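Just so it is clear, none of the values below were taken in a lab; they were calculated from the coordinates. This one's a predicted model, so the numbers in the text were calculated from it and none came from an experiment. FYI the Cβ positions are ideal-geometry reconstructions off the backbone, even for glycines, and counts take in every protein chain you see.
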Amino acid sequence: MKNSKLYITTTLPYVNAEPHIGHALEFVQADALSRYFRNKIGKENVFFNVGTDEHGQKIFEEAEKEGLTVQEFVDKYAQRFKDFCELFYVEYDYFYRTSAKEHYKAAQEFWKRCDKKGDIYKKKYKGLYCVGCERYITEKELVDGKCPDHNRVPELKEEENYFFKLTKYKKTLLEWLDKNPDVLKPKRKLVELKAIIEEAEDISISRLKENLPWGIEVPDDPEQILYVWFDALTNYVNVLGFGTDEERLEQWWPGVQLFGPDNLRFQGSIWQGMLASVGLPFSKKLLEHGMVLGSDGKKMAKSLGNIISPFDQEKKFGAEIVRFYLLAGISTFADSAYKEEDLINMYNSRLANNFGNLLNRVIHLANSRGVRIGREDSVEKEFKEAVDALESEIEELFEEYEIALAAEKVDILADFGNKYITEKEPWEKNKEEVEVEAVLNNLSYLLNSVIEYYNPIIPSSCTKAKQALKNQEKIILFEKI
Ligand SMILES: [Zn+2]
């Protein structure tokens with residue numbers, strides 16, 4: 001069946017620098033969702049794509065500055081993203097690189113199909129080009145004559161370029177959003193996306209090769225290369241077999257796409273227009289995560305000295321604690337300040353004092369009283385129903401991609417366990433063994449559930465917790481910090 005498969009993809013970060021905390025958020029979010037759905041619908045039914053966007057002028061310039069060839073430069077930074085994934089337990093199925101030769105062919109095929117449809121034309125163009133954005137920007141967007149996102153004066157450029165008829169698909173795109181308002185999360189962004197589409201113009205999709213030799217040649221016109229965004233966006237379907245294995249593509253596409261707030265125009269408008277042009281369905285879901293702000297609540301910037309590096313955070317706290325904070329502490333769909341004191345408090349209260357404490361108490365008491373736990377068939381009915389009801393709520397939230405809210409519910413589930421153990425006092429010497437065994441067995445059922453639903457968020461700790469509970473081994477998983 002077509003819909004039994006789920007395809008999840010991040011955007012491809014532009015490899016002109018080290019992975020930053022915003023990339024970290026997007027990658028771990030996508031990973032958590034992949035892990036949840038792998039468990040739910042089977043590993044073979046989830047495909048999780050990440051990768052790097054490796055063309056464009058900025059990369060060309062940065063490579064020169066570092067004294068590397070462009071290929072050496074992109075290899076170096078693509079590797080940093082792979083290092084990041086390994087460090088933070090991001091278990092992708094595919095790491096896509098746009099400098100790979102297979103990508104060249106697939107991106108050119110995409111172009112050809114748009115061209116065949118009559119959606120590409122050539123025209124002379126004069127405009128203000130921001131190298132930071134890698135696009136022409138309008139006078140209207142300038143602030144004090146500079147691109148507000150890059151604080152950089154755009155260059156006046158005149159080139160003969162190819163254009164994509166995005167305007168041709170305005171109506172189709174708007175109708176799609178009217179019929180499927182839930183396609184975009186958070187919903188409040190729908191107004192913004194509609195405005196972007198309404199104001200859309202045809203977009204330049206090529207550059208003169210003499211100005212920029214690093215990129216993919218336009219089919220049948222080697223003097224021009226593909227505009228970096230056009231080339232990179234095609235990755236989402238190329239990886240599934242676009243142009244090479246259409247049967248496979250049909251099995252997996254459309255997919256769930258994660259991206260940051262500066263990417264709505266590309267994901268929600270340009271990319272969807274491109275899909276319409278080649279006759280593919282629109283994305284299944286567009287998930288716009290929030291921006292990770294500095295601890296001062298301001299957008300991170302070198303000049304403000306508020307930049308947080310995921311690698312530094314990992315050294316300080318360990319990957320899983322950082323993951324936990326990014327997924328459970330940072331709002332999934334809104335901008336949030338990254339504050340170490342919040343990270344510490346949340347870790348201590350939710351993991352050390354709540355989940356970890358319950359796990360220790362249950363294992364310790366079961367061992368000291370010599371009772372058997374982990375017998376799912378003899379969990380008390382009423383208790384089981386209470387746990388299962390919370391489980392359904394957690395699943396509903398994961399299915400709505402609400403990772404932070406789901407994590408909050410898992411915390412409530414663990415708290416329910418701690419309240420229950422306090423009320424039942426299985427440590428009291430005068431308690432009958434059968435009663436103690438029943439209470440602890442109930443709790444091991446609850447703990448397995450906590451482990452299952454925390455697993456997408458803190459996979460390594462959950463593997464250890466599961467093992468410890470099964471073997472009734474004492475373990476301190478979450479030392480207080
Ligand atoms: Zn810019």
For Lys116, placing the label point 7 angstrom along Cα-to-beta-carbon and taking the stretch 253-296, residues whose amide nitrogen sits under 18 Å are 274-281
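Mean Kyte-Doolittle of at least -1.0 plus a Cα span of 15 Å or more along the axis: flag which DSSP H helices in the chain meet both, please. If you can, show how the numbers build up before the last one.
Numbers: long enough: 21-41 (29 Å, -0.04); 70-87 (26 Å, -0.54); 101-116 (23 Å, -1.91); 357-369 (18 Å, -0.12); 381-399 (26 Å, -0.58); 403-424 (32 Å, 0.17); 433-454 (31 Å, 0.38); 459-471 (18 Å, -0.98).
Counting only whole DSSP H runs, the qualifying helices are 21-41, 70-87, 357-369, 381-399, 403-424, 433-454, 459-471.
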Residues whose placed amide H lies under 5 Å from that of Glu54, excluding near-sequence neighbours = Thr98, Ser99
His364 to Ala337: FRET efficiency via 1/(1 + (r/R0)^6), r the Cβ-Cβ distance, R0 30 Å, to the nearest 0.05?
-> 0.20
Taking the C-alpha atoms of the stretch 93-132, how large are the radius of gyration and the largest Cα-Cα span, Dmax, in Å?
-> 14.6, 42
Within the P(r) computed for the stretch 340-471, what percentage of the Cα pairs occupies the region above 27 Å?
-> 17 percent
Give me the percent of DSSP beta bridges within the chain that run antiparallel, rounded to the nearest 5.
-> 55 percent
Contour minus end-to-end for Glu44 and Glu160, with contour as 0.36 nm per residue of separation and end-to-end as the Cα-Cα distance?
-> 37.1 nm
Note down the relative contact order for the stretch 296-416 as a percent, whole number, built from C-alpha pairs under 8 angstrom at least six residues apart.
-> 28 percent
For the stretch 260-265, take each phi angle, set θ = phi - 60°, evaluate the Karplus expression 6.51 cos²θ - 1.76 cosθ + 1.60, and give the result in whole Hz per residue in order, putting x for glycine and proline.
-> x, x, 7, 10, 4, 4
Using Cα pairs closer than 8 Å and at least 6 residues apart in sequence, work out the relative contact order for the stretch 25-152, in percent.
-> 23 percent
How fast does the stretch 252-294 diffuse by Stokes-Einstein, in µm²/s, taking the Kirkwood radius from C-alpha pairs at 20 °C and 1.002 mPa s?
-> 193 µm²/s
For Val218, residues with placed amide H under 5 Å, excluding near neighbours | Gln224, Ile225, Leu226
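If I take every Cα pair under 8 Å that is 6 or more residues apart in the stretch 340-471, average their sequence separation and divide by the length, what percent do I get for the relative contact order?
Details: 104 pairs, mean separation 46.4, N = 132.
So the answer I get is 35 percent.
Only Lys, Arg, Asp and Glu count, each charged at its Cβ (+1, +1, -1, -1), so figure out the dipole size of the chain about its Cα centre, rounded to 20 debye.
The dipole magnitude comes to about 240 debye.
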Cα-derived Rg to Rh of the stretch 207-276, Kirkwood definition = 1.03
Indicate the gyration tensor shape class of the stretch 260-378 (rounded, prolate or oblate), computed on the Cα atoms with a ≥ b ≥ c the square roots of the eigenvalues: a/c under 1.5 is rounded; otherwise a/b larger than b/c is prolate and the rest oblate.
-> oblate
Scanning the chain, every Cys lacking a C-beta partner under 4.7 angstrom -> Cys85, Cys114, Cys462
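From the helices alone, meaning DSSP H stretches of at least four residues, give me the mean residue ellipticity at 222 nm for the chain, per-run term -39500 (n - 2.57), in deg cm²/dmol to the nearest 500.
On the way: 18 runs with 219 residues, N = 481.
The helix contribution divided over the chain gives -14000 deg cm²/dmol.
Could you calculate the FRET efficiency of Ser392 with Glu247 from 1/(1 + (r/R0)^6), where r is the beta carbon distance between them and R0 is 41 Å, rounded to 0.05? Write down the numbers at each step before the final one.
Numbers: r = 36 Å, r/R0 = 0.87.
Computed FRET efficiency for Ser392 and Glu247: 0.70.
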Output for the chain (equivalent-ellipsoid semi-axes, sqrt of 5λ from the C-alpha gyration tensor, Å, descending) is 48, 23, 19
5 angstrom amide H check on Phe47, placed H, neighbours 5+ away = Leu6, Tyr7, Ile8
Over 29 Å (Cα to Cα) - which of Lys126/Lys179; Lys165/Lys187; Lys5/Lys82; Lys123/Lys185 fall in this group | Lys126/Lys179; Lys123/Lys185
